[in-house]
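Right, I'll just put the structure down here and ask away after.
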Amino acid sequence: MLTCIIRYDIDPTKKAQFERYAQNWGQAIPRNGAQLIGYYAPHEGSSTLAYGIYNIDSLAAYEAYRARLAADPLGRENYEFAQREKFISREDRTFLKLASAPHAPAASPKGARP
């Protein structure tokens with residue numbers, strides 16, 4: 001399993017457009033074969049940094065997923081929306097493999113009752 005992390009540099013005056021873009025991917029990405037973790041817009045700190053994060057089985061699965069996404073009506077519309085509105089100035093993809101597993105169970109907070 002690979003995790004794709006997309007780092008976006010966005011126009012801070014067009015945050016609402018990025019959020020619409022993110023919501024559209026929230027529909028299109030899962031139905032085309034990737035496990036969406038989420039899209040994240042700026043809240044505190046940087047006003048220009050945003051992320052999209054999803055899991056995919058392999059690079060071969062990624063290539064097939066990208067082809068399906070490009071053929072998806074909402075996927076095509078979303079690509080065109082981003083190009084037309086120009087709210088993304090840079091987009092970088094990184095594929096990472098989980099290295100810390102297996103994880104220990106989460107500890108209960110002190111004083112918490114089961």
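The values are calculated or read from the model by the stated rules, or taken from the named source; none is laboratory data. Not measured: the values here are computed from a predicted model. Cβ placement follows ideal geometry from the backbone for every residue including glycine, while neighbour counts extend to all protein chains displayed. Ligands, DNA and RNA are excluded from the accessible area calculation, which covers all protein heavy atoms including side chains. Shrake-Rupley method; radii C 1.70, N 1.55, O 1.52, S 1.80 Å.
In region 35-75, how many are free of Cβ contacts under 8 Å to residues at least 24 places away in the same chain and either within 16 Å of residue 17 (Cα to Cα) or open to solvent by less than 40 Å² (accessible area, probe 1.4 Å) (or both)?
4
Residue by residue, here is whether (1) among the acidic types (Asp, Glu); (2) assigned to a helix (DSSP H, G or I) holds:
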site	(1), (2)
9	yes, no
13	no, yes
16	no, yes
20	no, yes
26	no, yes
33	no, no
42	no, no
47	no, no
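If you scan region 58-99, which residues turn out to be of a type in the set (Asp, Glu) and either within 20 Å of residue 7 (Cα to Cα) or assigned to a helix (DSSP H, G or I) (or both)? Quick ask: steps written out before the conclusion?
Initial filter on region 58-99 (of a type in the set (Asp, Glu)): 63, 72, 77, 80, 85, 91-92.
Hits for region 58-99 are 63, 77, 80, 85, 91, 92.
Tally up the residues in region 5-34 that are under 14 Å from residue 66 (Cα atoms) and free of Cβ contacts under 8 Å to residues at least 24 places away in the same chain, please.
Of the residues in region 5-34, 1 are under 14 Å from residue 66 (Cα atoms) and free of Cβ contacts under 8 Å to residues at least 24 places away in the same chain.
May I pose another question? Look through 60, 50, 82 and report the one residue that is within 16 Å of the chain's Cα centre (by Cα) and within 27 Å of residue 97 (Cβ to Cβ).
50
So, one more: Return yes or no: is residue 31 surrounded by 12 or more Cβ atoms within 10 Å (Cβ to Cβ) and either under 22 Å from residue 9 (Cβ atoms) or out of contact with any Ser or Thr (no Cβ under 9 Å at 6 or more places or on another chain) (or both)?
Yes: the conditions hold for residue 31.
Just for region 1-15: of the residues that are out of contact with any Phe, Trp or Tyr (no Cβ under 9 Å at 6 or more places or on another chain) and of a type outside the set (Asp, Glu), which one is most open to solvent (accessible area, probe 1.4 Å)? Before you say what the answer is, go through the steps one by one.
Here is the first cut: in region 1-15, the residues out of contact with any Phe, Trp or Tyr (no Cβ under 9 Å at 6 or more places or on another chain) are 1, 9, 12.
This time we only want the ones that are of a type outside the set (Asp, Glu), so: 1, 12.
Working: 1: 122, 12: 69 Å².
If we take residues in region 1-15 being out of contact with any Phe, Trp or Tyr (no Cβ under 9 Å at 6 or more places or on another chain) and of a type outside the set (Asp, Glu), then 1 is most open to solvent (accessible area, probe 1.4 Å).
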